[in-house]
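Data block below; observations after.
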Amino acid sequence: MLGEYRITGSGAAEIAASIERGVGEGALPPGRALPPLRALAEQLGVNPNTVAAAYRTLRERGVIETAGRRGTRVRAKPATTARDLIRVEVPDGVRNLSDGNPDPALLPQLTDVIAAAAAQGDRDPVLYGSDPVAAELAAPARAGLDADGVPDGPLAVTSGALDAIERVLAAHLRPGDAVAVEDPGWGSLLDLVPALGLRTVPVGVDDEGPLPDDVRRALAGGARALVVTARAQNPTGAAVSAGRARALRSVLAGHPGTLLIEDDHGHHIVDLPPHPLAGATPSWAFVRSAAKAYGPDLRLAVLTGDPVTLDRVRGRQRLGPGWVPLLLQRAVGRLWAGSAVDPDAVAAAYGRRREALIGALARRGIAAHGRSGLNVWVPVPDETGAVARLLHAGWAVAPGARFRSHAPQGIRVTVSTLTADETEPVASAIASALEPPDGAVRTYV
């Protein structure tokens with residue numbers, strides 16, 4: 001049943017660690033059946049309750065699942081095996097359009113703002129008991145949220161958007177609860193949900209955001225939370241439109257117990273305004289992060305929401321990291337309040353690159369999506385083959401498997417550094433990679 005891998009351990013924690021190690025190393029691949037409780041207990045010489053406790057721990061961590069008569073198996077996409085491992089190794093000489101990074105040329109220089117924040121810290125050192133949210137960040141953050149129609153609420157600062165989403169989910173949900181997530185969607189979120197012991201319920205996405213009928217079905221089916229990307233959705237570039245926001249609010253009105261989380265990582269890189277759903281349910285959170293506009297090393301996000309949610313998040317923070325360094329908060333506050341970068345110019349630059357590639361693909365009969373953000377999503381019939389053929393042609397793109405669970409196949413092309421001279425060649429390469437065999441007809445859209 002387990003091949004050559006031998007599960008070891010005499011306690012629940014040791015047995016769970018042994019199985020998790022096997023999954024992480026690939027010795028227990030996705031879908032592999034695990035021994036029944038009593039069989040493994042007899043093999044290890046322990047009480048069946050000990051094995052039951054180990055299996056329960058692994059289910060809560062999103063590593064295994066129990067599927068009735070099929071028994072206990074390694075999950076199809078175990079949390080132990082992160083989607084980041086589904087990547088293309090980019091050899092020398094291949095143009096990398098797979099990484100999802102912003103264009104370094106469009107990032108602001110940080111020397112002055114970091115130095116100014118450090119100088120302020122020298123004059124007024126941060127000590128235990130200081131306010132965990134820097135006033136220099138809170139003021140421009142609140143002003144921006146107000147301008148975008150996000151309801152007033154308390155603020156917290158987290159170490160990026162994923163940290164914020166994890167804390168909000170943990171503040172409200174328990175292992176086994178279901179979370180409605182976009183499909184295709186952010187790979188890290190699709191990893192996070194099962195890692196918390198929660199279940200993902202996929203929701204389809206078009207250029208205007210999550211599909212209302214899919215959201216309605218997910219919530220009617222018992223999903224307790226919904227995570228929505230406001231704009232620059234990864235990987236499709238979707239942005240919630242005003243009409244879609246109204247439709248989603250109508251759905252949420254019928255499910256007031258839903259925990260609503262919105263991710264606005266596209267702030268200052270997108271030329272479309274957000275249409276927030278915040279406040280559509282009593283329990284809500286809106287996350288605005290800085291990494292895409294100012295660089296991944298500024299892993300900082302501002303979180304607002306209803307008072308109960310924010311109180312739980314901040315209380316748990318106090319027992320962990322305490323606060324995000326005020327040095328970084330003050331630096332980001334200066335960036336948001338100042339003129340170190342022109343957000344309109346940055347958004348326009350990314351927009352030109354997306355539209356150029358989408359247009360070049362359209363001229364070759366290939367439909368693609370990229371309403372906002374850094375990426376273009378191209379539906380394909382065979383993403384593994386397309387990625388391999390493009391790599392052979394000198395272009396590295398990301399396989400759609402990193403971003404989807406039940407959605408049709410696709411590839412993600414990061415256009416953040418794509419030059420005008422490269423647009424036609426990469427479009428031609430994609431067209432060649434998707435060319436059907438002689439006499440066949442393209443059936444994807």
Some residue of segment 9-25 being hydrophobic (A, V, I, L, M, F, W, C), assigned to a loop (DSSP other than H, G, I, E, B) and more than 27 Å from the chain's Cα centre (by Cα): no
Top-ranked residue in segment 228-251 [being outside any loop (DSSP other than H, G, I, E, B) and among the basic types (Lys, Arg); ranked as nearest to the chain's Cα centre (by Cα)]: ARG244
Meets criteria (surrounded by 17 or more Cβ atoms within 10 Å (Cβ to Cβ) and at pLDDT below 95) for VAL113: yes
Checklist (1) farther than 22 Å from ALA345 by Cα; (2) assigned to a helix (DSSP H, G or I); (3) out of contact with any strand residue (DSSP E or B) (no Cβ under 9 Å at 6 or more places or on another chain) applied to PRO256, failing item: (2)
Qualifying residue in segment 44-53 (condition: over 26 Å from ALA178 (Cα atoms) and in contact with an Asp or Glu (Cβ under 9 Å, 6 or more places away or on another chain)): yes
Test for ALA301: is it hydrophobic (A, V, I, L, M, F, W, C), under 24 Å from SER130 (Cβ atoms), in contact with a His (Cβ under 9 Å, 6 or more places away or on another chain) and buried (at least 24 other Cβ atoms within 10 Å of the Cβ): yes
Single residue of ARG402, ARG389 found to be at pLDDT below 95 and buried (at least 24 other Cβ atoms within 10 Å of the Cβ): ARG402
Verdict on ARG167 being crowded, with 18+ Cβ neighbours inside 10 Å and over 30 Å from VAL397 (Cβ atoms): yes
Test: residue in segment 268-291 that is without any contact (Cβ under 8 Å) to a residue 12 or more places away in the chain, surrounded by fewer than 21 Cβ atoms within 10 Å (Cβ to Cβ), part of a loop (DSSP other than H, G, I, E, B) and outside the structural domain of LEU97 (by TED's automatic domain parsing): no
Where LEU162 falls short, out of the listed (1) touching a Leu at 6+ places or on another chain (Cβ under 7 Å); (2) touching a residue at least 40 places away in the same chain (Cβ under 8 Å): (2)
Output for segment 200-227, where each listed residue is within 18 Å of ILE269 (Cβ to Cβ) and either in a strand (DSSP E or B) or without any contact (Cβ under 8 Å) to a residue 12 or more places away in the chain (or both): GLY209
Unmet requirement for GLY254, which otherwise passes all of (1) over 18 Å from the mean Cα position of the chain (by Cα); (2) at pLDDT below 95; (3) not acidic (Asp, Glu): (2)
Restricting segment 316-338 to residues that are in a helix (DSSP H, G or I) and small (Gly, Ala, Ser), the residue that is surrounded by the most Cβ atoms within 10 Å (Cβ to Cβ): ALA331
VAL313 in a helix (DSSP H, G or I) and of a type in the set (A, V, I, L, M, F, W, C): yes
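The values are calculated or read from the model by the stated rules, or taken from the named source; none is laboratory data. None of these values were measured; they are calculated from a predicted model. Neighbour counts are summed over all protein chains in view; Cβ atoms, including those assigned to glycine, are modelled from backbone coordinates with ideal geometry.
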